[in-house]
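Okay, so here's the structure we're looking at.
The values are calculated or read from the model by the stated rules, or taken from the named source; none is laboratory data. Since we're looking at a predicted model, the values are computed, not measured. Cβ placement follows ideal geometry from the backbone for every residue including glycine, while neighbour counts extend to all protein chains displayed.
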Amino acid sequence: MAYAPSRPNPSLPPVRINLYSDTQTRPSVAMKDAMMRAEVGDEQNGDDPTVNALCDRMAALTGKEAAVFLPSGTMCNQISIAVHCRPGDEILAHEASHIVTNEGGGPGALAGAVVLGLRGPRGMFDVPTMQAAFREKRRNAPPQTLLSVEQTANLGGGSVWKLDDLNAVLDAAHDWGMATHMDGARLMNAVVAAGVPAHEMAARCDSVWLDFTKGLGAPLGAVLCGSTAFIDRAWRWKQRLGGSLRQAGLSAAGCLYALDHNIDRLAEDHANAAVLARGLGQIEGIAVETPETNLVFFDTRGTGMTADALAAGVRAEGLSVSVMGAYRVRACTHLDVDRAGVDDAVRIIRAFLAK
Ligand SMILES: *Cc1c(COP(=O)(O)O)cnc(C)c1O
């Protein structure tokens, strides 16, 4: 088992249609231009005006007092957990959430916290499921101190928590004495899909962050928001983890550009995802999960082919998709894929399966 990502295989044709992930978007010429013109300073000292402008924008957008610029979404999650939890604490989160499946065991390694995975359809769970996981507050039980939710839920199919359902679990968590955290890697996809502003979605969250490297198209950066006291403590963890930056305004300018230009257009990605899902649904043997945003998950079992085999087969035709299980494939739409690309993707998959 190799742990390092493999280099591109030179014997494969170049990727023409990249549905592998919305993280694969490239900064546009206009975004790079904004980055080149950014005013910069020493971010660690609070002297970078572009980073400060981005943090102010994000605090306002999410309705929080303060914000901190970080290199990645994973760091936003891990720092939030480290601030909210003491060693031995228990976090409640969906069993398929990113903090469980994709952060290298960070909650245990860094904060010393354990995660209790909750079950539920589409990456979500309800109040009774949560209450069933509440432990009697006894000396020998782990303190349950944090509830973490994903909006949208990535492995849940890019699904969007309905505001009432979301608020219900967040309120139940607060009532139980827990803090609440929102992994908002794709928060703006949820905002655009549901037509609910970010500050409303995050109103009952003690911490919330947004990734700029998914559908928003920036090359790096994420912003974590919360109370002034929370962000103060987050800064100590940022320093501790070596995440403090210098002339980060270069990156922050790309994020500001994304806030100004790349949010409303997420609706196009959602429309393209719907077109993709419809096309795939017409191919015999493929079962598609109806997308709510830009992530399209489908099952290949009915074709007799594994997800790996399908991904390898279509990759030879220049289409890249990602394998999320033995028979589960994910295709993401984003700003570097247009409607024609989506139509082409359906054609390639259909032709490959017809062989
Ligand atoms: C991508 C993602 C992350 C991690 O963000 P990075 O910027 O890649 O570190 C965390 N949570 C969810 C739900 C994600 O999709």
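For G104, are the conditions met, namely being within 13 Å of the ligand (Cβ to nearest atom) and in contact with a helix residue (DSSP H, G or I) (Cβ under 6 Å, 6 or more places away or on another chain)? Criteria not met by G104. Inside the range 116-166, can you point out the residues that are of a type in the set (A, V, I, L, M, F, W, C), closer than 19 Å to E103 by Cβ and touching a residue at least 40 places away in the same chain (Cβ under 8 Å)? If the condition is that a residue be of a type in the set (A, V, I, L, M, F, W, C), closer than 19 Å to E103 by Cβ and touching a residue at least 40 places away in the same chain (Cβ under 8 Å), then L146, L147, V149, A153, L155 are the ones that fit.
Considering (1) outside the structural domain of P219 (by TED's automatic domain parsing); (2) surrounded by fewer than 16 Cβ atoms within 10 Å (Cβ to Cβ); (3) touching a residue at least 12 places away in the same chain (Cβ under 8 Å), the lone condition that E95 does not fulfil carries the number (1). G341 meets each of the listed conditions (1) part of a loop (DSSP other than H, G, I, E, B); (2) touching a residue at least 40 places away in the same chain (Cβ under 8 Å) apart from (1). Residue count for the range 149-169, restricted to those that are of a type outside the set (V, I, T) and near the ligand (Cβ under 10 Å from one of its atoms): 7. Scoring R246 on the criteria (1) surrounded by fewer than 22 Cβ atoms within 10 Å (Cβ to Cβ); (2) among the basic types (K, R); (3) within 14 Å of the ligand (Cβ to nearest atom) leaves a single failure, condition (3).
Among the residues of the range 85-99, is any within 21 Å of the chain's Cα centre (by Cα), more than 14 Å from the ligand (Cβ to nearest atom) and within 30 Å of A331 (Cβ to Cβ)? No, because not a single residue in the range 85-99 is within 21 Å of the chain's Cα centre (by Cα), more than 14 Å from the ligand (Cβ to nearest atom) and within 30 Å of A331 (Cβ to Cβ). For R265, the criteria (1) crowded, with 21+ Cβ neighbours inside 10 Å; (2) touching a Leu at 6+ places or on another chain (Cβ under 7 Å) hold in every case but one, which is (1).
Considering every residue within the range 157-173, establish whether at least one is in contact with a Pro (Cβ under 8 Å, 6 or more places away or on another chain) and small (G, A, S). Looking through the range 157-173, at least one residue is in contact with a Pro (Cβ under 8 Å, 6 or more places away or on another chain) and small (G, A, S).
Being among the hydrophobic types (A, V, I, L, M, F, W, C) and assigned to a helix (DSSP H, G or I) is the filter; apply it to the range 110-134 and report the residue that is surrounded by the most Cβ atoms within 10 Å (Cβ to Cβ). Restricting to residues being among the hydrophobic types (A, V, I, L, M, F, W, C) and assigned to a helix (DSSP H, G or I), the top hit is A111. All conditions in (1) touching a strand residue (DSSP E or B) at 6+ places or on another chain (Cβ under 7 Å); (2) within 16 Å of the ligand (Cβ to nearest atom); (3) closer than 19 Å to L147 by Cβ hold for A252, with the sole exception of (3).
The set of residues in the range 68-84 being buried (at least 24 other Cβ atoms within 10 Å of the Cβ) and either out of contact with any Phe, Trp or Tyr (no Cβ under 9 Å at 6 or more places or on another chain) or closer than 16 Å to Q239 by Cβ (or both) consists of V68, F69, L70, C76, I79, S80, I81, V83.
Only residues that are surrounded by 23 or more Cβ atoms within 10 Å (Cβ to Cβ) and either of a type in the set (S, T, N, Q) or away from the ligand (no atom under 16 Å from the Cβ) (or both) were counted across the range 181-198, and they come to 1.
One residue stands out in the range 249-262 among those that are in contact with a Gly (Cβ under 9 Å, 6 or more places away or on another chain) and not polar (S, T, N, Q): the one that is surrounded by the most Cβ atoms within 10 Å (Cβ to Cβ), namely C255. Taking the range 300-320 as the range and being out of contact with any Phe, Trp or Tyr (no Cβ under 6 Å at 6 or more places or on another chain), surrounded by 16 or more Cβ atoms within 10 Å (Cβ to Cβ) and either in contact (Cβ under 8 Å) with a residue 24 or more places away in the chain or of a type in the set (F, W, Y) (or both) as the test, the residues that pass are T303, M305, L310, R315, E317, G318, L319.
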